[in-house]
Structure formats: C-alpha cells, structure tokens
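Notes for the one structure printed next.
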Amino acid sequence: DVVETQEHYKSRWRSIWIMYLTMFLSSVGFSIVIMSVWPYLQKIDPTADASFLGWIIASYSIGQMVASPLFGLWSNYRPRREPLVISTAISVAANCLYAYVHVPHSHNKYYMLTARALVGFGAGNVAVVRSYIAGATSLTERTSAMANTSACQAVGFILGPVFQTCFTLIGEEGVTWKFLCLQLNMYTTPVLFGALLGVINIILIFAIFREHRVDDMGRQYKSINSDGEGSDVLDQNAEGSIDHVAVVALNILFFVILFVFAVFETIATPLTMDMYSWTRKEAVFYNGIILSVIGIESVIVFMVVKTLSKKTGERAILHAGLLIVLVGFFILLPWGKKLPNIQWQEIKNNCIPRTAPSEMLAPFWSLPELQLPSNHTAEPVGCPVTQSWCLNTPMIYLAQYISSDVLIGLGYPVCNVMSYTLYSKVLGPKPQGVYMGWLTASGSGARILGPVFVSQIYTHLGPRWAFSLICGVVVVSLLLLEIVYKRLIAFSVRYGRMQK
C-alpha cells in the first residue's frame with residue numbers, strides 16, 4: 001500500500017474545497033433569480049403567462065440534463081480542470097446575457113429562456129464535482145464529504161435568495177448605464193454578481209485545484225485523467241460488477257426527490273401571490289426570507305446527518321427523509337373554508353375577501369358593483385379570476401405554508417445527501433464521471449418536469465390536485481425504496497473487501 005503523505009493529504013483536501021465552492025456557485029446561479037423570475041418576466045414581456053414560467057424554470061434543468069453526461073464523460077478521460085473551467089465560463093456568459101434580456105423590442109421571454117438554459121448547461125459541472133469528490137475520498141470519508149458538498153449547495157440556495165432580497169433595495173428601476181445599454185436593478189444586479197463569482201471560481205480552479213484519487217480504503221492510486229499530477233501513486237483496477245438494479249433505483253429515487261423540491265420552489269411565488277395578495281416585490285422579498293431560513297435549517301440538517309448516519313446507516317435516514325417530505329406536502333393541502341381574495345380583471349387591484357362556502361358561491365357577474373379602494377395601485381393582486389379554481393378552492397393559510405416549508409426544508413436535504421452518498425458507494429472505486437452525469441441528468445429531468453407539471457396543474461386545477469399528486473409520487477418512491485433496500489450497500493462491502 002502507498003501511504004499518503006501530509007503534503008498529498010493537504011493538496012487533496014484543498015482541491016475538494018474548490019469543488020465545494022464550485023457546487024456552491026452552481027446553486028447560487030440557480031437560486032439567485034428564482035424568486036424574481038416571475039415578476040421580471042411579467043415586466044419585460046406582458047405576453048408571458050404562468051405556464052411559460054414553468055418553461056423558464058425548467059430551461060435551466062434542460063441545459064443541465066444535456067450537459068451533465070457530456071461533462072461527466074469528458075472528466076473520465078481528460079483533466080477535470082478542462083470541463084470545470086469551460087462550464088463555469090458558459091455560466092458567466094449566460095448570466096451576462098440574462099442582464100440584457102430587457103433590451104430587445106420583442107420576444108424577450110425567449111431571450112430569458114435561452115439565458116437560463118445556458119446557465120443550466122454550465123451547471124452540468126455538478127457531475128464533475130460529485131465524481132471527483134467520490135474518487136478523492138475513502139469510504140469512511142465519503143458520507144461526510146458528500147454532506148459537506150450538499151451543505152455548500154444548500155448554502156448557495158440560502159445566499160441566493162438573500163442576495164436577491166438585498167438587491168430588491170435597488171428597486172425595479174434602479175440605475176441605467178446608457179453607454180452599456182445596461183439597467184442595474186433588482187432583477188439584473190444579482191446575475192451580474194453571480195457572473196463575478198464565476199470569474200473568481202475559474203481563477204481558483206487554475207491556482208489551487210489538483211487531480212487526486214484514492215480507493216475505498218484511502219490508498220492512493222493514479223487517476224487516468226491526472227495528466228501526470230499523480231504519477232507517483234499506485235495504479236489499481238477494481239474488480240467486480242456494479243449492481244445496476246441499485247443504480248437505476250437510486251436514479252429514480254433521486255428524480256423523485258428533485259421533482260418534489262422543484263415543485264416546491266417553483267410554486268412558492270405564484271402561490272403566495274394568489275393566496276396572500278402579495279405584490280411582485282413583496283412575494284420576492286418575503287419568499288426570499290422564508291427560503292433563506294429554510295436553507296439555514298438545511299445546513300444544520302447536513303451537519304447532523306453526518307453523525308447520525310454512522311449510527312443508523314444511510315438507508316434508514318433516506319427512508320425517514322422521504323416520510324418527512326410526504327407529511328410536508330400533505331399539510332399543504334387546502335382544508336379550510338375561507339376563500340382567497342380574487343383579482344378581478346375589470347377592476348384593478350380590488351381584492352374581495354370572501355368566506356362563503358364554495359357550494360353557495362354566486363357567479364361573479366351577479367356580484368354588486370364594486371368601488372376601487374382609495375389606496376389601490378396599478379398592480380393587481382390576489383388570485384386571478386382566470387384561474388377558475390380560485391372561486392371554489394379554500395385558501396392555504398400562512399401557518400400551513402410555513403409549516404410545510406419547515407418540513408420540506410428538513411426532509412429534502414436528508415434525502416439529497418443520502419441518495420448521493422449511497423450512489424457513490426454502490427458505484428465503488430471505478431471512474432464515476434458518466435454515472436454521476438446520469439444521476440445529475442435524472443435530477444435535471446426532475447427539475448424540467450417539476451416546474452412544467454406544477455405550473456400546468458396548479459394553473460388549471462389548483463393546489464389541491466397539484467399537492468395530492470405529489471403525495472402520491474412520494475408514496476410510490478417509498479415503496480420502491482422498500483423493494484431495493486437490501487441492495488443499497490457499498491461496492492467494497494458487497495464483494496467482501498470491507499466490513500459493513
């Protein structure tokens with residue numbers, strides 16, 4: 001066996017920390033605009049509706065789904081620095097494009113769609129990050145390293161909305177630099193900040209990142225893509241076949257986990273605007289605060305599961321996480337009698353609180369003539385009458401919404417880190433770039449279908465149908481986990497090289 005030197009150990013963990021940073025920036029690139037996409041879309045292109053919002057959110061994941069296997073394959077045969085730098089540069093350019101989507105005189109929504117798709121394409125480097133960390137850590141280090149990776153991702157989701165919330169102070173108009181045709185406002189400044197972070201990340205990859213690889217026992221051996229950086233270590237070929245049933249099952253479970261979370265984060269702004277009559281700015285601000293608090297909760301969860309998994313095992317924790325997510329969405333179902341305020345199209349910003357039972361509702365044309373409130377604004381608020389379910393579906397109380405946020409914020413990070421950890425352990429010491437690419441693509445597919453699903457079902461059928469279907473999906477995933485439970489074991493344990 002080759003003993004790892006102190007210098008090699010420090011270099012290996014410095015490189016892992018650069019991967020943590022890359023994961024953090026990838027999640028910031030997604031979350032820094034997630035709360036403002038809908039109001040910004042309405043501002044730059046009034047022809048865009050809630051259904052198109054789903055495609056805008058999904059475009060990020062379409063790009064990531066396409067790019068992840070490609071970057072993963074690239075990283076299996078070439079130095080990982082190459083796909084990392086190229087992907088980050090694409091994200092930087094795409095963020096700059098997003099800052100200019102207001103400039104064209106027409107079809108602005110399609111420019112936004114393109115910009116978000118390119119940001120997602122750059123985020124395909126998540127597969128490279130995960131595969132590197134899996135290959136650069138021993139089996140005993142793996143859970144902790146994967147938890148730290150997911151924690152950095154969660155911190156990105158925390159700080160993204162925090163940055164967005166801070167930038168709301170600039171306002172919708174902001175400052176215009178005519179010589180650059182650039183508006184610095186609450187919608188464009190966050191993405192330009194994200195572009196700056198990407199440039200810093202590229203510099204750090206060149207300056208600090210090095211290729212390292214160890215086996216499940218922590219012994220060094222040469223990486224096939226090390227370009228000479230690990231020539232002094234042991235070359236070792238892993239024997240044994242991967243359990244592809246477990247691999248496919250974990251891909252399906254990961255798809256479900258990302259699907260339900262994509263639904264949750266996509267629906268937050270439209271749901272709160274409909275249920276609580278929040279304006280665009282209020283929805284961005286308040287949801288930014290709520291998601292930031294939930295993100296802090298997630299980071300705490302990541303730190304706890306590292307210790308808890310040593311006592312109970314990753315499989316049991318994954319099972320518990322899915323149950324918590326199920327309860328979170330069940331609570332979000334509308335149960336009361338009070339109906340949401342209605343946004344009447346012919347009367348700007350007139351919100352009518354109603355508590356009549358749904359079966360006793362009169363048609364809206366028979367209601368008495370209404371007067372504008374003295375403090376009305378040009379922006380209509382409330383549940384649009386074009387969404388027919390608004391007339392007979394009870395509102396979701398704020399306490400329900402907050403409780404659901406807390407539970408989903410607890411269950412999602414548990415499921416996320418445990419699925420990644422189990423996946424990397426099932427794959428073992430073989431190069432994981434392509435496999436991690438497919439896992440990332442599964443999550444990206446979920447992020448594509450989740451926003452489209454919820455925007456269509458929510459718009460046409462309402463929250464009761466949307467969240468009931470989500471509960472059904474989570475129940476099916478729990479059944480799948482029970483079926484493959486005994487197969488979700490580490491590669492080295494399966495072949496008797498290590499004790500369970």
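Every residue, every condition in (1) within 22 Å of Ser442 (Cβ to Cβ); (2) open to solvent by less than 50 Å² (accessible area, probe 1.4 Å), yes or no:
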position: Thr22; (1), (2): yes, yes
position: Ser27; (1), (2): yes, yes
position: Ile32; (1), (2): no, yes
position: Trp38; (1), (2): no, yes
position: Gln42; (1), (2): no, no
position: Leu53; (1), (2): no, yes
position: Gln64; (1), (2): yes, yes
position: Phe71; (1), (2): yes, yes
position: Pro79; (1), (2): no, yes
Residues in region 114-131 that are free of Cβ contacts under 8 Å to residues at least 60 places away in the same chain and either of a type outside the set (Gly, Ala, Ser) or not in a helix (DSSP H, G or I) (or both) total 3
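Residues are listed down the side, and each one gets a yes or a no for (1) aromatic (Phe, Trp, Tyr); (2) farther than 30 Å from His105 by Cα; (3) free of Cβ contacts under 8 Å to residues at least 60 places away in the same chain:
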site	(1), (2), (3)
Ile44	no, no, no
Ala50	no, no, no
Leu70	no, yes, no
Trp74	yes, yes, no
Arg80	no, yes, no
Pro83	no, yes, yes
Do the conditions hold for Tyr110, that is, is it touching a strand residue (DSSP E or B) at 6+ places or on another chain (Cβ under 8 Å), in the same structural domain as Ser26 (by the TED database) and aromatic (Phe, Trp, Tyr)?
-> no
Hits in region 85-104 - residues which are open to solvent by less than 40 Å² (accessible area, probe 1.4 Å) and either touching an Asp or Glu at 6+ places or on another chain (Cβ under 8 Å) or assigned to a helix (DSSP H, G or I) (or both) | Val85, Ser87, Thr88, Ser91, Val92, Ala94, Asn95, Tyr98
Would you confirm whether any residue within region 133-149 is in contact with a Leu (Cβ under 8 Å, 6 or more places away or on another chain), touching a residue at least 24 places away in the same chain (Cβ under 8 Å) and more than 30 Å from Ile489 (Cα to Cα)?
-> no
Being more than 24 Å from Ser298 (Cα to Cα), in a helix (DSSP H, G or I) and β-branched (Val, Ile, Thr), is that true of even one residue in region 134-153?
-> no
Mind checking which residues of region 292-313 are open to solvent by less than 30 Å² (accessible area, probe 1.4 Å) and assigned to a helix (DSSP H, G or I)?
-> Ser292, Ile294, Gly295, Ser298, Val301, Phe302, Val305, Ser309
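The values are calculated or read from the model by the stated rules, or taken from the named source; none is laboratory data. The shown structure was predicted, so the numbers you read here are calculated from the model rather than taken from an experiment. With ideal geometry, Cβ positions are generated from the backbone for all residues, glycine too; neighbour counts draw on all protein chains shown. Protein only, heavy atoms only, side chains kept; ligands, DNA and RNA dropped before computing areas. Shrake-Rupley method; radii C 1.70, N 1.55, O 1.52, S 1.80 Å.
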